[in-house]
Amino acid sequence: MEKKIRPDGREKVTGRLKYLTDLTFPEMLWAKVLRSAYPHARILSLSTEKARKLPGVRAIITHEDVPALNGFGIVTPDQPVLCKDVVRYVGDALAAVAADSIEIAARALELIEVHYEPLPVLDSPEKALAKSAPFLHPGGNVLHRAGFQKGDIQAAFSQCAKIVEETYEVPRQLHAYMETEGGVIVPEKDGSLTVYVGTQHGFKDRFQLSRILGMPEEKIRIISSPMGGSFGGKDELNIQPYGALLALATGRPVKIHQTRQESMRSSIKRHPMKITMKTGVDQTGRLRAHQTTITADTGAYATLGPAILDFAVEHACGPYIIDAVDTKGLSVFTNNGVSGEFRGFGGNQITFALEGQMDRLAAAIGMDALELRRLNIRRKEDPGPLGQRIAPTNGALEVLESAARVYHAKKQHMPKRSTWKRTGTGLAVTMHGGGLGFGRMDPAGGRLSLTENGKVEIAFGFEEAGQGILAVIEAVTTEALGCKKEDLSIVIGDTAFVPSSGSTTASRGTSMVWHSLQRLKGPFIKQLLQGAAQRTGIEEEELSIGPGGIWKEGRCMLSFESLAAGKEPIVVSTQFDFPVSPDPIDSAHFLYTYSGVVAQVEVDLLTGKIKVTELHQSTAAGPVVNELGYRGQIEGGGVMALGYTLMEDVVMKEGQYATENLDSYLIPGIGDVPFQLELEAIETLPLEDHYGPRGVGEIGTVAVAPAVANAIYDAIGFRVSCLPVKPEAVLQSMERGILHENRF
Amino acid sequence: MQMQREQGVSFPPHLISLERIQELADIEETVDGSIRIGALTDLESCRTHPLVRRKCPILSEAIGAIASPAVRNRGTIGGNVLYGVGDAIPVLLALDARLSWFCENGIRSEWINDYLSKQEAPAKAAILTDITVASPVKGRCFFRKIGRRETFVPSVVTVAMYREMTDRHTIKEIRMVAGGGVNTPRRLKMCERELIGKELTDDLIVSLSAGIKEEAALIGDVFASADYRRTVAANLLLAALQSDR
């Protein structure tokens, strides 16, 4: 396949691309947000009097200045825009200032006087669930419960030959997008508002802002692309309400761009979870019983906490067929940072536990871990993990067999043993649902037009966050129509011009672009050819679309410009829903992608440090739309997951961030990335499958951690159950006598 | 200072730039064959200087472990030393470097070890002018920095060592250094004394482990405990002793 340079590639590489946080406007003010000093406190008083007297301060807002709903949240708006009585985490906002400069705004924040009465800090789910714990929200400290039961779990356990039980703990991960939250909010002369702030879903931001400002949605325009990364972190509102309120208060454009520290403090993170799994097999290696308890630390507010727990519950038995399953999940409010949407959406956490169980079970019954997986893995027609019918594919088995080949090859070519290093190889597989799931509104759509100036305009409500949706749109549209990329005008990221396509999330972009084009191309081509037939007098049936215009027998008969000249624009739209299972099971997915990961690690016996030396991912997600984009997603996802596995953890102590910036919260550098990053894309789908390419935005992050953990066991016999893997724990495990050679 | 500013410590109101004093930023060989490095030499120039590469490659290696290329282009060797926990310090200690200071009444010189044990300039308003390192031709050098990722990372443990043997395979001279994190790198003098005049045997090496851990006295933080740091320092130094026996 031809390697195409993405449409935004050149501008990004040369640094010429303007992000929304790069924008400035005449008369623009700078804003900053005052966040809580305490993780949990009552607000006794709040005075902005001194701050208002500071020269250069143009407006200060508090809860009193929120005209309509003082709350936001994609599903439940339980997070105050500006707190009135109580603060529930250190990212809670109390006031915001617009001033002539950033320095004045920062100084003004220092002059705002807040008196707090500290309240008990619930810095863990255990504390939040204690009987004596104060309620963080009127309904108590449990945000959400989810579960799934199948078969008689107790009876099934009693028939097992071996049972393995382990508790796994996974950390709070930071998205660490390069561009922190920010942008400019401009009040227009006609009383409307233009919001230049990155988000994954412009229309959802518009809806949430309208609810806060008490302003009709039509008066709010969201310009939201491009973004310097998001990974799920910018789906929820962040600084938009403060910029909007201040722009309306001052009548001037207001810019907010959070520093890394401000971002760390207020942004959502991946849910830390504690997962206990008890899994039993019979003598032949068949999985018989699987019991899972998930406790998620969802932090102070709901955002997408419930959906993430549902996702983890759904994926608790992954691609395996198990007779009896009992899964219980609990998402708990705490005074820690807010947890929310993050690439993988609960799948990464649960897969680490599940694939850890598989290797432990195999060892317990003396079976090859690959064989154990092969024996239990789902086949094409098997139901999905919640018992629902899913799009039948052989993805699970295909990635397993692909990974198995790679695994054996790597085992045969292990590097030479050195005195102070040990090498190991590990494998893990997973399946991952795309789209929002059954019972959730998940509409998509797009619009295709021939504009007056002869451009083929393709418009979507998707956002470009670096993931490469522009390249996908270009590839899918040119292929569907037969025109060339220069004929296209791609329109995204502006609620004034795009149709609603739903959120740019849940690996749905690529899939929904493809589905849209399948619906749009027929009527669009027909109208174009009809028009061309009228113009040229050639029979419609003899014409086709080609590069630059309308073709007949290898010759371009009419350019798009000529076809469009003097005519009403041709516009074709589509609206449809993301495909779901015919079985009405809440949150169940229908389209899944599959991944098999093989990792090789080198363990330093002197320091306990782990270096991942090779990472191979086999991905089954239907046809590849754009080879470089696909590879970028899988490799980038892999590296992000290596960080999750080996070093990333937003450490919180009593509700305060111990890692306040990227000098102590570490993400991998290029030196931590294995030189051998390999990918095998399995593109085959059953003949009857008409769902096309699936998105690969998340799948590359999901099964890396367990593959690395299993490789560490292979190297030194240490079972990892807690991420990130601490060199200290590795070293201690060896001191406990698992490995004696060459030790002091 | 830039990092401290990010952490909320405000800049001093006035800063005096010494950048244009050329003499503070050169590297030369002295009459006795040592290398004199101007305190304002940027780390990258120091790392890549032919004299340093040829006569003191271990210093070049240690500087390569400091921060990132961009930081090494701006940061100076003098700044790294005065920071007190810089990653160039362990090797400079192991090589017994000398510091020269410009003081009111002339130039004063002292061992880097003496400066670090009190962490105070020899006179008020003294300016560090240069660092002199003897070329370690007779002995073997060792350096290793451990951080929480491969590069551009604060040190968790940094160790360095210089060792010279007699013809009878006994240790003639040894300097062992351990530092990392907020721990100012320090010489392990008691351990060094244990080794002087002795032949390196497995038993001797093993017996040293507890001593290194104790004398290194590294303290921990939320990311790496004191015990971990001490164990790693001991492991690395002992493995180095063992491997080049």
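List of remarks:
- Under the condition of being assigned to a helix (DSSP H, G or I) and touching a Leu at 6+ places or on another chain (Cβ under 8 Å), the residues counted in region A:204-241 number 9.
- Of the criteria (1) within 30 Å of residue A:633 (Cβ to Cβ); (2) modelled with pLDDT of 95 or more, which one residue A:47 fails: (1)
- Those residues of region A:245-268 which are surrounded by 23 or more Cβ atoms within 10 Å (Cβ to Cβ) and small (Gly, Ala, Ser), in sequence order: A:247, A:263, A:267
- Close pairs (7 angstrom Cβ cut-off, 6 or more residues apart or separate chains): in contact (Cβ under 8 Å) with a residue 12 or more places away in the chain in region B:42-57, outside any helix (DSSP H, G or I) and of a type in the set (Ser, Thr, Tyr) anywhere: B:42/B:76; B:43/B:76; B:55/B:135; B:56/B:135
- Exclusive hit being within 14 Å of chain A (Cβ to nearest Cβ) and buried (at least 19 other Cβ atoms within 10 Å of the Cβ), set B:175, B:229: B:229
- Residues within region A:586-621 that are buried (at least 20 other Cβ atoms within 10 Å of the Cβ), in a loop (DSSP other than H, G, I, E, B) and more than 20 Å from the chain's Cα centre (by Cα), tallied: 5
- Residue within region B:146-156 that is farther than 20 Å from residue B:91 by Cβ, at pLDDT 95 or above and within 11 Å of another protein chain (Cβ to nearest Cβ) present: yes
- Subset tally (residues that are surrounded by 13 or more Cβ atoms within 10 Å (Cβ to Cβ) and over 14 Å from residue B:238 (Cβ atoms)) for region B:191-213: 1
- One residue from B:208, B:241 being within 12 Å of chain A (Cβ to nearest Cβ), touching a Lys or Arg at 6+ places or on another chain (Cβ under 8 Å) and outside any loop (DSSP other than H, G, I, E, B): B:241
- In this structure, residue A:689 does not satisfy being out of contact with any helix residue (DSSP H, G or I) (no Cβ under 9 Å at 6 or more places or on another chain), modelled with pLDDT of 95 or more, within 14 Å of chain B (Cβ to nearest Cβ) and not in a strand (DSSP E or B).
- Hits in region A:699-726 (condition: assigned to a helix (DSSP H, G or I) and more than 28 Å from the chain's Cα centre (by Cα)): A:713, A:714, A:715, A:716
- Among the residues of this structure, residue A:50 does not count as one that is closer than 23 Å to residue A:109 by Cβ, more than 30 Å from the chain's Cα centre (by Cα), of a type in the set (Lys, Arg) and part of a loop (DSSP other than H, G, I, E, B).
- Annotation: of all residues in region A:405-459 being in a loop (DSSP other than H, G, I, E, B) and more than 30 Å from residue A:356 (Cβ to Cβ), the one that is nearest to the other protein chains (Cβ to nearest Cβ) is A:442.
- Considering residues of region A:647-666 that are more than 8 Å from chain B (Cβ to nearest Cβ) and either surrounded by 21 or more Cβ atoms within 10 Å (Cβ to Cβ) or in contact with a Gly (Cβ under 8 Å, 6 or more places away or on another chain) (or both) only, the residue farthest from residue A:119 (Cα to Cα): A:648
- Selection count where residues are within 14 Å of chain B (Cβ to nearest Cβ) and in contact with a Gly (Cβ under 8 Å, 6 or more places away or on another chain), scope region A:607-639: 0
- Hey, residue A:343 buried (at least 16 other Cβ atoms within 10 Å of the Cβ) and either without any contact (Cβ under 8 Å) to a residue 40 or more places away in the chain or among the charged types (D, E, K, R) (or both) or not: yes
- Top-ranked residue of region A:667-684 - restricted to ones that are away from chain B (no Cβ under 12 Å) and in contact with a helix residue (DSSP H, G or I) (Cβ under 9 Å, 6 or more places away or on another chain), ranked as farthest from residue A:649 (Cα to Cα): A:684
- Consider region B:211-226 and keep the residues that are of a type in the set (Gly, Ala, Ser) and either within 7 Å of another protein chain (Cβ to nearest Cβ) or assigned to a helix (DSSP H, G or I) (or both). The one that is farthest from residue A:726 (Cα to Cα) is B:211.
- Being farther than 23 Å from residue A:351 by Cβ, touching a residue at least 60 places away in the same chain (Cβ under 8 Å) and among the small types (Gly, Ala, Ser) holds for only one residue in A:151, A:228, and it is A:228.
- Flag if residue A:85 is modelled with pLDDT of 95 or more and either surrounded by fewer than 17 Cβ atoms within 10 Å (Cβ to Cβ) or not charged (D, E, K, R) (or both): yes
- Residue match in region A:191-203 (condition: surrounded by fewer than 18 Cβ atoms within 10 Å (Cβ to Cβ) and closer than 28 Å to residue A:307 by Cα): no
- Any hit, region A:116-137, residues being part of a loop (DSSP other than H, G, I, E, B) and at positive phi: no
- Among residues of region B:58-69 being part of a helix (DSSP H, G or I) and free of Cβ contacts under 8 Å to residues at least 40 places away in the same chain, the one that is farthest from residue B:144 (Cα to Cα) is B:69.
- Of all residues in region A:376-384, one or more are modelled with pLDDT of 95 or more, basic (Lys, Arg), surrounded by fewer than 17 Cβ atoms within 10 Å (Cβ to Cβ) and under 31 Å from the mean Cα position of the chain (by Cα).
- Residue in region A:667-687 that is nearest to the chain's Cα centre (by Cα), counting only those that are crowded, with 17+ Cβ neighbours inside 10 Å and of a type outside the set (A, V, I, L, M, F, W, C): A:668
- Options A:68, A:37, A:108; residue that is assigned by TED's automatic domain parsing to the domain that holds residue A:185, on the phi < 0 side of the Ramachandran plot and surrounded by 17 or more Cβ atoms within 10 Å (Cβ to Cβ): A:108
Residue by residue, here is whether (1) touching a Gly at 6+ places or on another chain (Cβ under 7 Å); (2) farther than 20 Å from residue A:680 by Cα holds:
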| site | (1), (2) |
| --- | --- |
| A:388 | no, yes |
| A:392 | no, yes |
| A:400 | yes, no |
| A:426 | no, no |
| A:439 | no, yes |
| A:448 | no, yes |
| A:456 | no, yes |
| A:484 | yes, yes |
| A:488 | no, yes |
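- For region B:94-125, the set of residues classified as touching a helix residue (DSSP H, G or I) at 6+ places or on another chain (Cβ under 9 Å) and of a type in the set (D, E, K, R) consists of B:96, B:98, listed by residue number.
The values are calculated or read from the model by the stated rules, or taken from the named source; none is laboratory data. Source: prediction; values computed, not measured. When we count neighbours, we look across all protein chains shown, and the Cβ atoms used for this are built from the backbone with ideal geometry, even at glycine.
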